[in-house]
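The values are calculated or read from the model by the stated rules, or taken from the named source; none is laboratory data. From a predicted model like this one, the values you see are computed outputs, not experimental measurements. Every residue, glycine as well, gets a Cβ built from its backbone with ideal geometry; the counts of neighbours run over all protein chains shown. Ligands, DNA and RNA are excluded from the accessible area calculation, which covers all protein heavy atoms including side chains. Shrake-Rupley method; radii C 1.70, N 1.55, O 1.52, S 1.80 Å.
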Amino acid sequence: MRRIILCIVFAVSFLQTRAAEITRVEPASWWTGMKNTTLQVMVYGKGIGKTQPSFTYPGITVKEIARTDNPNYLFIYLNIAPATKPGTIKMQFKQGQQTLSYNYQLLARTHKEGAAGFSQADVMYLITPDRFANGNAGNDALEDVQVNRQDPNARHGGDLEGIAQHLDYIKNLGFTTVWLNPVQENRMPGGSYHGYAITDFYNIDPRFGTNTQFRDLTASMHRKGMKVVMDMIFNHCGSSHWWMNDLPSKDWINNNSGNYVQTNHAKYTLMDPHAAPIDKDILINGWFVKEMPDLNQRNRHLATYLIQNSIWWIEYARIDGIRQDTYPYPDYDFMARWCKEVQAEYPQFNIVGESWYGRSSASSWWQKGSALNKTGNTYLKTVMDFPLTFIANNAFDYTKNDEVGEGSPLFKIYEEIAQDFMFADQSNILTFLDNHDLDRFARSDDPDLRRYKQALAFLLTTRGIPQIYYGTEILMDGKKAKSDGYVRTDFPGGWNGDQTDAFTAGGRTAKQNEAWDYMQKLLQWRKGNQAIAQGKLIHYVVDGTGVYVYARIKDDKTVLVMLNGTNSDKTVQMNRFVDVIKGNTQGRDVITGKQMPVTQNVTVPAKGEYILELTK
């Protein structure tokens with residue numbers, strides 16, 4: 001009887017030991033020679049938290065083995081000495097008499113020069129990958145989610161291969177940088193075509209391609225002289241994320257008690273000295289929607305996980321920048337730490353945060369080194385200029401009556417830029433006419449291209465880093481009144497069987513070609529133009545002519561821009577601009593090539609523009 005009992009005890013113990021398993025390890029690999037020598041390895045599997053990990057590897061020591069309230073997780077913190085050589089770390093996880101083995105790969109860095117970053121010298125082309133081009137129809141479907149191009153909110157089939165096939169198109173237009181809406185896995189019911197409900201932070205969505213394809217795409221862009229900006233989301237994940245079925249800890253998700261709390265979107269509470277604490281709490285801890293659980297970055301393991309994830313993508317895929325979604329919503333201190341750690345590893349790297357506000361005072365508050373922000377340095381290099389976008393959408397409109405001076409629509413642009421004193425770094429401001437979250441700038445009822453051309457001329461010559469939404473070059477329009485899908489329509493010619501192919505001049509209308517050619521001429525001219533990339537901005541008050549005049553000046557290079565906001569030709573007395581014209585006597589219009597004297601009066605056509613390169 002005693003022998004039977006002992007056998008039963010041994011069998012139960014053996015089964016309990018066998019229960020431990022390894023299902024997932026993240027990150028799956030890391031690199032030697034990183035400036036930050038600490039690495040967090042998250043190990044997930046049934047009962048893995050009950051095991052004792054160990055290994056022996058020259059140059060690597062264990063700093064901490066952290067367990068949570070969930071026995072299915074282990075967080076192993078390693079210190080990797082600078083001289084450590086790449087190789088395989090043979091990890092062992094022991095529980096009783098059983099030992100699990102796992103080979104962790106430590107790789108050699110292949111790009112020690114660091115990421116390039118982006119700057120005022122660049123112009124971004126924003127792409128929604130699902131809606132740009134379908135290069136591989138074989139990856140369209142995933143499980144029960146099918147492609148339906150008739151439904152604006154469904155998957156349409158665009159992918160990385162489709163983008164790769166049209167890189168020459170993007171380069172020939174004149175863009176230097178491509179910003180991709182999120183490409184990480186969104187294995188959500190209904191498809192989540194937009195990419196903002198991530199279900200796996202370390203893998204590309206299989207409907208877009210593979211991790212290797214993404215890395216190959218960035219390499220192809222680099223060979224063509226272009227950069228890549230990756231869209232990331234730290235505020236939330238998708239409700240179908242793999243860890244939602246077995247959270248690493250109870251506090252991994254905010255408001256995880258079962259009572260749904262939606263964010264109030266009250267972003268001003270973060271800077272409001274009079275804000276009620278409850279309002280701020282709901283902003284930070286409330287969920288965007290029920291399908292997007294709000295991540296708690298105050299959990300130290302999650303915070304390190306997210307920071308490492310972004311660094312992993314920079315090192316793995318060689319991306320040049322990050323656009324961080326919903327920037328004010330995550331934990332403030334965590335976001336500052338993230339920016340600081342990324343910039344410490346890659347000093348030239350640039351991060352732009354989605355700071356969606358209607359006032360420059362609020363947008364500028366988020367920028368690194370802001371004198372307005374008394375909370376603490378955000379370390380965020382670049383902010384998005386939504387206030388200027390909202391003004392620009394009306395400033396270039398056709399008006400029945402000519403309003404001049406302070407009544408001029410262009411005066412509002414002057415007035416907005418005059419408030420740049422609030423920005424700590426006026427060169428690191430992302431400027432745009434529209435994006436994937438806004439009504440498209442182009443309008444089907446515009447009688448001609450004057451509004452389009454004047455707006456582009458302004459966007460590509462004022463301060464900041466311009467971003468242009470895909471399809472703007474062919475006048476794609478759309479309003480998001482019904483759904484966001486109506487401003488994220490398919491690029492014509494991106495799918496086999498499309499009736500038109502707007503990637504070619506023959507597939508575009510005469511009006512589309514005129515718009516395309518105008519944009520190309522400006523973009524190609526802008527490349528390498530030091531006055532635009534590095535020059536000081538000097539602008540003049542919009543006076544009784546209704547013409548907005550400004551200059552970009554770098555050393556002996558001067559570009560003078562003249563925008564007529566009225567419906568009639570306006571003659572401008574040039575002696576007013578003598579401090580920027582200086583000894584120059586001629587100006588060459590970069591669009592027409594026409595030479596004109598700048599020491600005499602200049603007549604600017606109605607709703608027209610001149611971009612003049614000044615010469616003696």
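Looking only at region 346-359, residues that are open to solvent by less than 10 Å² (accessible area, probe 1.4 Å) and farther than 18 Å from residue 177 by Cβ come to 2 in all. Is it fair to say residue 379 is outside any helix (DSSP H, G or I) and of a type in the set (Phe, Trp, Tyr)? Taking the combined requirement at face value, the residue satisfies it. Whenever a residue of region 359-372 is within 21 Å of residue 413 (Cα to Cα) and touching a residue at least 12 places away in the same chain (Cβ under 8 Å), its partners that are part of a helix (DSSP H, G or I) and open to solvent by 10 Å² or more (accessible area, probe 1.4 Å), lying with C-beta atoms within less than 7 angstrom and at least six residues away or across chains, give the pairs 360/416; 360/422; 361/422; 362/268; 364/422.
Residues are listed down the side, and each one gets a yes or a no for (1) over 30 Å from residue 190 (Cβ atoms); (2) of a type outside the set (Lys, Arg); (3) in contact with a strand residue (DSSP E or B) (Cβ under 8 Å, 6 or more places away or on another chain); (4) modelled with pLDDT of 95 or more:
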{"position": "299", "(1), (2), (3), (4)": "no, yes, no, yes"}
{"position": "306", "(1), (2), (3), (4)": "no, yes, yes, yes"}
{"position": "325", "(1), (2), (3), (4)": "no, yes, yes, yes"}
{"position": "370", "(1), (2), (3), (4)": "yes, yes, no, yes"}
{"position": "376", "(1), (2), (3), (4)": "yes, yes, no, yes"}
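In the set (1) among the small types (Gly, Ala, Ser); (2) open to solvent by 30 Å² or more (accessible area, probe 1.4 Å); (3) within 30 Å of residue 531 (Cβ to Cβ); (4) touching a helix residue (DSSP H, G or I) at 6+ places or on another chain (Cβ under 6 Å), the condition left unmet by residue 96 is number (3). Checked against (1) at pLDDT 95 or above; (2) among the hydroxyl-bearing types (Ser, Thr, Tyr); (3) crowded, with 22+ Cβ neighbours inside 10 Å; (4) out of contact with any helix residue (DSSP H, G or I) (no Cβ under 7 Å at 6 or more places or on another chain), residue 408 passes all but a single condition, namely (1). Here residue 435 meets the list (1) more than 19 Å from the chain's Cα centre (by Cα); (2) crowded, with 18+ Cβ neighbours inside 10 Å almost entirely, failing just condition (1). In region 390-405, the qualifying residues are those that are within 27 Å of residue 365 (Cα to Cα) and open to solvent by 60 Å² or more (accessible area, probe 1.4 Å), and the one that is farthest from the chain's Cα centre (by Cα) is 394. Restricting attention to region 438-454 and to residues that are closer than 30 Å to residue 372 by Cβ and open to solvent by 10 Å² or more (accessible area, probe 1.4 Å), the residue that is farthest from the chain's Cα centre (by Cα) turns out to be 439.
For (1) among the hydrophobic types (A, V, I, L, M, F, W, C); (2) closer than 24 Å to residue 435 by Cα; (3) touching a helix residue (DSSP H, G or I) at 6+ places or on another chain (Cβ under 9 Å), each residue gets a yes or a no:
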| site | (1), (2), (3) |
| --- | --- |
| 213 | no, no, yes |
| 216 | no, no, yes |
| 229 | yes, yes, no |
| 232 | yes, yes, yes |
| 241 | no, no, no |
| 247 | yes, no, no |
| 257 | no, no, no |
| 283 | yes, yes, yes |
| 288 | yes, yes, no |
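Residue 318 fulfils the conditions (1) on the phi > 0 side of the Ramachandran plot; (2) crowded, with 22+ Cβ neighbours inside 10 Å except for a single criterion, (2).
Report, by residue number, each residue of region 196-237 that is among the small types (Gly, Ala, Ser) and over 18 Å from residue 294 (Cβ atoms). Hits for region 196-237 are 209, 219, 220, 225.
Look at (1) part of a loop (DSSP other than H, G, I, E, B); (2) under 15 Å from residue 427 (Cα atoms) and you find that residue 398 fails only one, number (2). Scanning region 482-507 for residues that are in contact (Cβ under 8 Å) with a residue 24 or more places away in the chain, outside any helix (DSSP H, G or I) and surrounded by fewer than 17 Cβ atoms within 10 Å (Cβ to Cβ) turns up 482, 483, 496.
Taken together, 32, 23, 68 contain a single residue that is open to solvent by 70 Å² or more (accessible area, probe 1.4 Å), at negative phi and modelled with pLDDT of 95 or more, which is 23.
This table checks each residue for (1) in a strand (DSSP E or B); (2) acidic (Asp, Glu); (3) in contact with a strand residue (DSSP E or B) (Cβ under 8 Å, 6 or more places away or on another chain); (4) within 30 Å of residue 194 (Cα to Cα).
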{"residue": "41", "(1), (2), (3), (4)": "yes, no, yes, yes"}
{"residue": "58", "(1), (2), (3), (4)": "no, no, no, no"}
{"residue": "76", "(1), (2), (3), (4)": "yes, no, yes, no"}
{"residue": "79", "(1), (2), (3), (4)": "yes, no, yes, no"}
{"residue": "103", "(1), (2), (3), (4)": "yes, no, yes, no"}
{"residue": "109", "(1), (2), (3), (4)": "no, no, yes, no"}
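Per the conditions (1) more than 36 Å from the chain's Cα centre (by Cα); (2) β-branched (Val, Ile, Thr); (3) closer than 19 Å to residue 455 by Cα; (4) in a helix (DSSP H, G or I), the sole criterion not satisfied by residue 545 is (4). Checking the stated criteria, residue 121 turns out not to satisfy the condition of being open to solvent by 50 Å² or more (accessible area, probe 1.4 Å) and part of a loop (DSSP other than H, G, I, E, B).
Can you find even one residue in region 298-305 that is crowded, with 20+ Cβ neighbours inside 10 Å and without any contact (Cβ under 8 Å) to a residue 40 or more places away in the chain? So far as region 298-305 goes, yes, one or more of its residues are crowded, with 20+ Cβ neighbours inside 10 Å and without any contact (Cβ under 8 Å) to a residue 40 or more places away in the chain. Got a number for residues in region 576-611 being open to solvent by less than 30 Å² (accessible area, probe 1.4 Å), touching a residue at least 40 places away in the same chain (Cβ under 8 Å) and over 14 Å from residue 521 (Cα atoms)? Summing the residues that are open to solvent by less than 30 Å² (accessible area, probe 1.4 Å), touching a residue at least 40 places away in the same chain (Cβ under 8 Å) and over 14 Å from residue 521 (Cα atoms) in region 576-611 gives 6.
Does residue 375 meet the test of being among the hydroxyl-bearing types (Ser, Thr, Tyr) and open to solvent by 20 Å² or more (accessible area, probe 1.4 Å)? Against the criterion (among the hydroxyl-bearing types (Ser, Thr, Tyr) and open to solvent by 20 Å² or more (accessible area, probe 1.4 Å)), residue 375 qualifies. Inclusion of residue 134 among residues that are of a type outside the set (A, V, I, L, M, F, W, C), modelled with pLDDT of 95 or more and assigned to a strand (DSSP E or B) is not warranted. How many residues does region 508-522 contain that are without any contact (Cβ under 8 Å) to a residue 24 or more places away in the chain and not in a loop (DSSP other than H, G, I, E, B)? Result for region 508-522: 3.
In region 336-344, the count of residues that are of a type in the set (A, V, I, L, M, F, W, C), closer than 16 Å to residue 184 by Cα, surrounded by fewer than 21 Cβ atoms within 10 Å (Cβ to Cβ) and touching a Ser or Thr at 6+ places or on another chain (Cβ under 9 Å) is zero.
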